[in-house]
1. Considering only Cα-Cα distances, which of the following residue pairs are longer than 31 Å: Lys263/Lys379; Lys279/Lys311; Lys262/Lys326?
2. Amide H neighbours of Leu179 under 5 Å, at least 5 residues apart or on other chains, H built in the peptide plane: list them.
3. So how tilted is helix 386-401 from the main axis of the chain? Cα-based, degrees 0 to 90, rounded to 10.
4. Quick check: the angle from helix 162-175's long axis to the longest principal axis of the chain, C-alpha only, nearest 10 degrees?
5. Cβ neighbours within 10 Å, averaged per peptide: list 239-246, 259-266 in order, most packed at the top.
6. Report, by chain and number, residues whose modeled amide H sits under 5 Å from the one on Phe29, excluding near sequence neighbours (fewer than 5 apart, same chain).
7. For Lys299, give me every one of the lysines with a C-alpha distance below 17 angstrom, ignoring sequence neighbours fewer than eight places off in its own chain.
8. Quantify, in whole percent, the carbon and sulfur part of the accessible surface of the chain (1.4 Å probe; protein heavy atoms only).
Amino acid sequence: MESVEVFTSEGKGRGLKAQKEFLPGDVIFAEPAYAAVVFDSLTHVICHTCFKRQERLHRCGQCKFAYYCDRTCQRAAWLNHKNECSAIKKHGKAPTENIRLAARIMWKIEREGSGLSEGCLVSIDDLQNHVDSFSEEEKKELRADIESFLEFWPPQSQQFGMQYISHIFGVINCNGFTLSDQRGLQAVGVGIFPNLCQANHDCWPNCTVIFNNGNHEAVRSMFHTQMRIELRALSKISPGDELTVSYVDFLNVSEERRKQLKKQYYFDCTCEHCKKQIKDDLMLAAKAGESKPSAETVKEVIQFSKDTLEKINKARMEGLYHEVVKLCRECLKKQEPVLGDTNIYLLRILSIASEVLSYLQMFEEAADYAKRMVDGYLKIYHPNNAQLGMAVMRAGVTHWHAGLIEAGHGLICKAYAILLITHGPSHPITKDLEVMRVQTEMELRMFQQNEFMYYKMREAALKNQKIQVMPEPSNDTSPSLFHKKE
């Protein structure tokens, strides 16, 4: 941690600043979790050590609750699982994720004390809890969590005061970092990373945070790497510059981002993009030119889009994907003559339509929508934004499946360049993308040499191959950096 230091940031409290120069893609620091747990709904399909999704997991023979990839992951977990295992057996069932995370934090404090841990810039006691800013509903939930915690917490373990237990739950509420599976496709858990908590928010940050599940697959344990977050530079950072990350997705007008930040993290965003409302004009753009729509027409179409998005969410929750496609097509028909190419309501419908159509194997229509979505994103997002990279990758894969090899290869290369900076070359997603890049490059060469032969070979390959089903569309919106209890 010698490359960063904690400082008092004017109007923001503590922050992190660089002690040396960093270039785009540099890892500023990596930090293992102080404590982390798998979400309640996924405890049987996600490894409780590395948070990877696996088809076959080994279950803990004692508590029958925790699951692991293999004996290596199970051994690595024992220090943190030992007390939990005994408590679950005595309690008769596992409590909710918030209770489990609070208990893991307390057991670590019992073992090591609450002072500075090795490699930590700040102690767990010094993290913000914002309990005083809680709404009445949040205070009610806090009291219920404390009651459940006290029922679960073993009498033989160190006993903590009510105020301290409240502090720990407050820390979890506003500092719990969202953990994803090894492909970065689904949020699967929540963890506490004290150093990361010191990085302040900016809607146009100079850093990004990536979760790395680590690697326990090597035969020799000396080559194993642990689960960790990595703070990576997105642009050139000079010594003395504050290190910032974005707590929320940028794809929202400044007023909406500020509302979200105030509600979830209890502060008013004063970043340049919010103060000057930078890019808001693009995100709410109307069609330009001779047939420019009236302000009233734009307002009506945006309201129609919001209503349609609610209907789409309901249909997705019920798995009615053909209904989703129908709603998207109807909405696009209304939007296209009125909204600009970068309007966020148009982009949201294009994103959903391309994802669902890909799942339904309707790749050509999906590719058209995906291309338009990416063209809009490129004008709005930071050029090295991780969500932009993932969106470009999905668009590239959709074009590839549609047989549009030139456009597909171009998008995959563009995504690879972004993810090399945001995720790094050793991340599983980047490795997958490198394989796709090599494959599409080979196919593109074949296409350029003999277009007819390329399509013949592709057709034959598809006939002899089981149809590959794209992942089922997720109903999740872009995740926030930190996990907020529902």
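The values are calculated or read from the model by the stated rules, or taken from the named source; none is laboratory data. A quick note: this is a predicted structure, and the numbers were derived from the prediction, not measured. No Cβ is skipped: glycine too gets one built from the backbone with ideal geometry, and neighbour counts run over all protein chains shown. Each accessible area value is taken on the protein alone, full model and side chains, heavy atoms only, with ligands, DNA and RNA left out. Shrake-Rupley method; radii C 1.70, N 1.55, O 1.52, S 1.80 Å.
1. Over 31 Å apart, Cα to Cα: Lys262/Lys326.
2. Val188, Gly189, Val190, Gly191
3. 40 degrees
4. Relative to the chain, helix 162-175 is tipped by roughly 20 degrees.
5. Packing proxy ranking, top to bottom: 239-246, 259-266.
6. Leu231
7. Cross-link targets: Lys287, Lys333, Lys334.
8. Accessible surface attributable to carbon and sulfur in the chain totals 50 percent.
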